[in-house]
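Participant: Handing you a structure now.
Values in this text are rule-based calculations from the coordinates and carry no lab data. Because the structure is a prediction, the values reported are computed rather than measured. Note that each Cβ is placed from the backbone with ideal geometry, even for glycine, and that neighbours are counted across all protein chains shown.
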Amino acid sequence: MGQVYVFNTQDCKTNAFSLYVYAFILCLIPYLELGFAILVFFIFCLCFPCLVRLASYLDDESGTPQDVISKLPCRTFTVSKEVNSIEAPLCSICLAEYEQDQQLRILPCKHEFHTTCIDPWLGNKPSCPLCRASVLNQERGV
Ligand SMILES: [Zn+2]
Ligand SMILES: [Zn+2]
């Protein structure tokens, strides 16, 4: 309606100039909103790769710090101790049975894994692959 008023009432412009300005601003608002939406869309498109990079950077940061990993207790697997168990204990990451003299790392939740399997995992995620118990919270609690 504002646009019709602005474009069809040339002769009234001088008589009702303030009304003309008001109508002009009214019909300008949708264009401004459209321009703003397009601007936001372009900013989003430009920033999206940056956001993805930032997210992956934050993901890397959420791994377990190396000093926390090295503080977790280790033990050497010996066959004689585990003989009484019906099934030979498995490493849940590589699904291989533990063998004599292999280094195991014991997480705060008492789950055990090969040191060579769990260390890279903890580098990415600070939690047990089996029960999701956080390694970091347990460390802080001690
Ligand atoms: Zn393993
Ligand atoms: Zn666990």
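Participant: For R132 and C74, FRET efficiency with R0 = 22 Å and r from the beta-carbon atoms, rounded to 0.05?
Facilitator: The formula returns an efficiency of 0.55 here.
Participant: Please order V79, V68 by the number of other Cβ within 10 Å, starting at the fewest.
Facilitator: So the residues, fewest neighbours to most, are V79, V68.
Participant: Could you give each residue of the stretch 20-30 its phi-based ³J(HN,Hα) in whole Hz, using Karplus coefficients 6.51, -1.76, 1.60 with θ = phi - 60°, and x for Gly or Pro?
Facilitator: Per-residue couplings from phi come out as 4, 4, 4, 5, 4, 5, 4, 7, 7, 4, x Hz.
Participant: Quick one: S70, S18, S92, fewest Cβ neighbours within 10 Å first, how do they rank?
Facilitator: Least to most surrounded, the residues fall as S18, S70, S92.
Participant: Separate question: Residues with amide H under 5 Å of Y98's amide H, sequence separation 5 or more or different chain, H placed in the peptide plane at 1.01 Å from N; which?
Facilitator: C91
Participant: Right, another one. Can you give me the distance in nm between label points at S18 and C45, each placed 7 Å from the Cα along the Cα-to-Cβ direction?
Facilitator: Rounded to a tenth, the inter-label distance reads 4.4 nm.
Participant: How far is it, in nm, from the label point at S92 to the one at S62 when both lie 7 Å from their Cα along the line to the Cβ?
Facilitator: 1.9
Participant: Say each of L32 and I106 gets a label point 7 Å from the Cα, pointing the same way as Cα to Cβ; how far apart are those two points in nm?
Facilitator: 6.9
Participant: Could you derive backbone 3J(HN,Hα) for the stretch 111-127 from the dihedral phi with the Karplus parameters 6.51, -1.76 and 1.60 (θ = phi - 60°), listing whole Hz in sequence and x where the residue is Gly or Pro?
Facilitator: Coupling constants for the stretch 111-127: 6, 10, 9, 4, 4, 5, 8, 7, 4, x, 4, 5, x, 9, 9, x, 8 Hz.
Participant: Mind listing which GluC sites (Glu not before Pro) in the stretch 86-137 are in a DSSP loop and have 13 or fewer other Cβ atoms within 10 Å?
Facilitator: Passing both the DSSP loop test and the Cβ count: E87, E99.
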